[in-house]
Amino acid sequence: MADAGEYSCVCGQERTSAAVTVRAMPAKFTKSLRKEEAMEGATAKLHCELSKASPVEWKKGSATLRVGDRVSLRQDGNMCELEIRGVAMEDAGEYSCVCGQERTSAMLTVRGKDHVWPRGPVYW
């Protein structure tokens, strides 16, 4: 970005100049989310990393996540983290971190006392 500006070339009485515009490269995910498994009532954390610090949006399915009593969204430079405290069965599903046109997704599986969600295949 520091290279942007006007450049000139002078030779005797002749002079020419040009403007140089530098477009920022979009951030890319350098470390993707990984599937996680948490026990019901425990804390689940999902992490990812960007090529540079950029704003992100967290989603569960198509719903945008917001900070709340059980949900924390942290970003430290290019490191992003979603934390869900007191994990419940309804927290199971696909989570995504979105930055512009880039996205990384992973499944959160919740294990209860004697059940798992989302369920694996059932055989009869």
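Observations on the model:
- Taken over region 20-36, the residue count meeting the criterion of being assigned to a strand (DSSP E or B) and either at pLDDT 95 or above or within 20 Å of C99 (Cβ to Cβ) (or both) is 4.
- Test: E90 is out of contact with any strand residue (DSSP E or B) (no Cβ under 7 Å at 6 or more places or on another chain) and open to solvent by 30 Å² or more (accessible area, probe 1.4 Å): yes
- Yes/no for A27 being of a type in the set (A, V, I, L, M), over 18 Å from L108 (Cβ atoms) and open to solvent by 70 Å² or more (accessible area, probe 1.4 Å): no
- Taking each residue of region 101-114 that is in a strand (DSSP E or B) and looking for partners that are open to solvent by less than 30 Å² (accessible area, probe 1.4 Å) and of a type in the set (F, W, Y) with beta-carbon atoms closer than 8 Å, six or more apart or interchain, yields S105/Y95; A106/Y95; M107/Y95; L108/Y95.
- Filter pass, Y7 being in a strand (DSSP E or B), within 10 Å of the chain's Cα centre (by Cα) and of a type in the set (S, T, Y): no
- Selection within region 45-72 - open to solvent by 50 Å² or more (accessible area, probe 1.4 Å), assigned to a loop (DSSP other than H, G, I, E, B) and within 10 Å of I84 (Cβ to Cβ): R70
The values are calculated or read from the model by the stated rules, or taken from the named source; none is laboratory data. Predicted model, so just to flag it, every value in this text is computed and none were measured. Quick reminder, even Gly has a Cβ in these numbers, built from the backbone with ideal geometry, and neighbours come from all protein chains shown. Please note that ligands, DNA and RNA were not included when accessible areas were found on the heavy atoms of the full protein model with its side chains. Shrake-Rupley method; radii C 1.70, N 1.55, O 1.52, S 1.80 Å.
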